[in-house]
Structures are given as structure tokens and as C-alpha cells.
Amino acid sequence: MINLALFRQFVPLASLPHVDRNELAKSARLGSYQPGQVVFGRGDPASTVVFLVAGSVELQTEKGAQIVASDQPAAKHAIAQGARRAATATCVKPAQVLFIDRERLDLALTWSQTGGVEVVDIARADESDAADGEAEGDWMTALLQSQAFHRIPPGNIAQIFAAMRPVEYEPGAAILTQGEAGDFYYVITTGRAAVVRDGTEIAQVGVGRSFGEEALVSGEPRNATIRAVTKLGAMRLAAADFERLLRAPVLKEIAVDEIPSDALLLDVRLPQEFAQGRLPGALNLPLVKLRSHAHELEVERTYVVYCDSGRRSASATYLLCERGFDARHLAGGVPVEEMPVRG
């Protein structure tokens, strides 16, 4: 397996928790190249993200050639980023190259930067929650007070309640498990649940609290375990119904040429990624800080949220909509090589 110390040299690998770096290392590989050997060709599909560990390579694009050496600041970032290689990389001096699976890296970044857990409004979990066994109508009222539901057509709301199915759990039973794929969206109707991340309980939640939406929005694994503390009742919505009835009307997607002139661009990548390239006029608010800093944004503004792939920005857009912001998702993300502003 790859030495994890290598990951500390590169952006954004250094930002990942140890457990995520360890998982990426299992599928990563190192390649050695001699002068004249081609590492990859321009236009090739890019299933991996490539980092220069040692030596130097020449990047040849339609605009000309550039030499990148491992001791230069530019080598802290991936070379020729994007879904397709933006350049042909040819070894100039004996080089060692690290290849990281692109899809797994994107999932790890989104998961580690969601800045919290699955439960909506977890910051309010220490407030007085409803008592166990509270009337069924109260969980519906609590759910409808969510800002996200204010953006859903009335007909969809009726269909959401009709599509939900009741489930029950005994004390200690896991409702969902950290690391698993998302399959349902949940709302607690009776009882209490504990929120557990990396083996540590960080909160308890009760009637009216919903959870499970982040994994369904981004396609990332569950970022927490939710376990019943008491006998617990819940209503759950299948992933396909969540996508059709809740995610689609809330998560408005737009293209670059549709961005309103008065909108504020919000880049949710890490500051180091933002410094490497960004869209003109964009504000940087990393996904990992969004929950704690969203209150600093102007509620009356329209925000267009983007990242390099679209996964992190999808999570961020949904989180902003839940908090009452007019947020739009830049569909598909913006590859770094297409971001004109540097430094």
C-alpha cells in the first residue's frame, strides 16, 4: 500500500481524515517514468487524479508547453485536472507519479467536508424536543416548518406524505450506518435517536427531526450512524421518491450561461483549491465550514454554488436551501482548467 506520508504533500489530499487517506491508499498506485516516456495524453479519459511526487514533466497543451517540477509550488496540486486530460504529460527528469482514483477522491472530499452529520438542524438538538409518544400531527408540523419544504409545490408535499412508509426500531437498533450508501430519507415520529460519528455519540434528536438527505443529494456514503435510544417510530421515503418529489424541486440546477447578473458565485472547495483557480468574483466558503458560517451570508442575495465536479456543490446548495437561501447549483461543476482567475 502507498505510504500515507505522501498524501500530506498534496492539495486536497492533506485535508482528508486519516481513515479516508487510508482507504484511498488501498486503490492508489505509484508509477516511475524515465525521460521521454508519456505519463498520459491530452484528451484521454481521466479516471485518476495525478500528482507529481518526484522529478519533472512537461505539460503540452494547445496553448504551448510548461515544465512542472516536484519542488515547485504548482506540484502541490494535481496536474492536468478534469474529466479528460487537458495536456500531454511527458517525463523530462526521472519522475515518480501518484495516481488516485478520481471518483473515490471526490466522494471522500464531499463526505469529509459536509461539516457535520446527517441530521437536519443538528445545532438545535440540545433544545427541548417533543416527548416520546407525541401526536402524529406534530412531526408533520415540524417537517413542514423546514425552509426546504417552502420551495416544494403543494402537490409534491401531499405525494411525499403519501409515499412515506412507517418503520419501527427497538432501543439500540441502527436506523442507518456510517459508510453505507444512502437509500432512504427519514423523519422521527416517536422516540429519540443518537447521532454517532466515528464511534462517538455527538447528539440526540427527537420527534420531527429528519435525516439521511445528504447522502441522497450527493451520492456519498452516510456520514454518521443514527441509532435508536428508545423505542422509535419513523416515516421513511425511498431514494427514488426523494429524488423526484423533494430533491428535484429544491435543488435548482443552472448552466454557466444562465447565471443571473446579480447572483453571487459561491465556491465551496478548500481555500488551497480556490487559490489555484476560480471563477471571477467568486466567494470562497468551503463545504466543511458552511454549516457554521451560513448565517454570515446575505439572505436576500441569490447564490450560485459550484465546485470542480458538482458533488460538493450539490450538498452545499441543498444545505443552503434548507436554511432559507435562494441557492442554485452549477450543474456538473467547473473543471479547474476552465477557471480563469489564479492566485
- By what distance, in whole Å, do the Cα atoms of the range 61-110 stretch along each of the three principal axes, largest value first? 33, 25, 17
- Want the number for Val299 to Arg197: 0.36 nm per residue separation, take away the alpha-carbon distance, what's left? 33.6 nm
- Task: Just order 269-282, 167-180 by mean Cβ neighbour count inside 10 Å, highest at the front, would you?
- Result: 269-282, 167-180
- Item | In nm, spacing of pseudo-spin labels at Ala174 and Glu243 (7 Å Cα→C-beta vector) | 2.5
- Query: So, how do all the Cα-to-Cα distances of the range 263-343 break down into 10 Å bins, in percent, from 0 on up?
  - Reply: 21, 58, 21, 1
- Item | Hits among lysines - C-alpha to C-alpha of Lys76 under 19 Å, sequence gap 8 or more where chains match | Lys93
- Counting only residues 5 or more places away or on other chains, whose amide H sits under 5 Å from the amide H of His77 once H atoms are built in the peptide plane? Val11
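Could you compute the net charge surrounding Pro35? Neighbours are other residues with a C-beta less than 14 Å from the C-beta of Pro35; K and R count +1, D and E count -1. Walk me through the numbers on the way to the answer.
Numbers: positive: Lys93; negative: Glu58.
In short, 0.
Which of rounded, prolate or oblate describes the range 4-110 when judged by the alpha-carbon gyration tensor and an a/c cut-off of 1.5? Working shown, then result.
Numbers: a/c = 1.94, a/b = 1.52, b/c = 1.27.
Prolate shape, in that a/c is at least 1.5 and a/b is the bigger ratio.
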- Principal axis dimensions, largest first and in whole angstrom, of the chain by Cα: 73, 47, 32
- Table column - 3J(HN,Hα) (Hz), the range 274-291, Karplus curve with 6.51, -1.76, 1.60, x for Gly and Pro: 4, 5, 6, x, 7, 7, x, x, 6, 9, 9, 9, x, 3, 5, 9, 5, 4
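A short reminder: the numbers here are calculations on the coordinates, not readings from a lab. All values derive from a computational prediction rather than experimental measurement. Counting neighbours? That spans all protein chains shown, and the Cβs are built from the backbone with ideal geometry, glycine included.
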